[in-house]
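Contents: one structure, followed by commentary.
The values are calculated or read from the model by the stated rules, or taken from the named source; none is laboratory data. Computed from a prediction, not measured in an experiment: that's the story for all the values here. Cβ atoms come from the backbone with ideal geometry, glycine included; neighbour counts cover every protein chain shown.
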Amino acid sequence: MNHSESYRKVGVRLIISMEALKASMFVGVSAFFRILFAQQLSNSFDLKLCLAFCFTALAIYILDRSFDYESNEFVFAILFVLLSFVLFSSFMPFIALFIGFLYSKGVKGFRLKRGYGVKNLVTALTWGVNIAFYSKINTLIIVFFTVKSFIITLLNDFKDTGSNIK
């Protein structure tokens, strides 16, 4: 392999990493504002909780993307989970990351991302339960964010299905 080919491979990996980071940042910011909204419903505000959930969501999304692109970005996922743990002092980020691993990669053929509807339900429940946990409010918020997330993931899958057929 000559130098131009190796530079090209590094360039492609860098572009993939930048695209994954850009998409991940959107998810992280979205997570921050979801917790902020949930906290506002309960007339509370805790910046550490908002940031902890933001980092947990980033970790899960980066983990999923690292398996999709066969890259080693999972190191960043672990870093964000550790940062979330430092902010929140709970094992919830590790549990969420484990669920993310089962969703993305799976264990011995068992993978939560398999099949229409199943992955949407897993994603929706994970968002709903995590938001309720991080915002420290009642179970009504679990139902609200779970249903909202389920509908959004279904709509996104319908968009994806059309492009996958082509």
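Would it be correct to say that Arg65 is more than 15 Å from the chain's Cα centre (by Cα) and modelled with pLDDT under 85? Spelling it out, it is not the case that Arg65 is more than 15 Å from the chain's Cα centre (by Cα) and modelled with pLDDT under 85.
Kindly establish whether Val29 is closer than 20 Å to Thr153 by Cβ, at pLDDT 85 or above and exposed (fewer than 14 other Cβ atoms within 10 Å of the Cβ). Before you say what the answer is, go through the steps one by one.
On the way: closer than 20 Å to Thr153 by Cβ: yes; at pLDDT 85 or above: yes; exposed (fewer than 14 other Cβ atoms within 10 Å of the Cβ): yes.
In short, yes.
Restricting segment 23-56 to residues that are assigned to a helix (DSSP H, G or I), under 14 Å from Phe145 (Cβ atoms) and in contact (Cβ under 8 Å) with a residue 40 or more places away in the chain, the residue that is nearest to the chain's Cα centre (by Cα) is Phe53. Is there a residue being assigned to a helix (DSSP H, G or I) and among the small types (Gly, Ala, Ser) anywhere in segment 106-123? Within segment 106-123 (the criterion being assigned to a helix (DSSP H, G or I) and among the small types (Gly, Ala, Ser)), the answer is no, since none of the residues qualifies. Scanning segment 69-103 for residues that are at pLDDT below 85 and polar (S, T, N, Q), we see that the one that is farthest from Leu49 (Cα to Cα) is Ser71.
Being part of a helix (DSSP H, G or I), of a type outside the set (Gly, Ala, Ser) and either at pLDDT 80 or above or surrounded by fewer than 12 Cβ atoms within 10 Å (Cβ to Cβ) (or both) is a property that does not hold for Ile141.
Just one of the listed residues (Phe67, Phe94) is over 16 Å from Ile131 (Cα atoms), of a type outside the set (Val, Ile, Thr) and in a helix (DSSP H, G or I), namely Phe67. Within the bounds of segment 8-23, is there any residue that is at pLDDT 85 or above and of a type in the set (Lys, Arg)? Scanning segment 8-23, I find no residue that is at pLDDT 85 or above and of a type in the set (Lys, Arg), so the answer is no.
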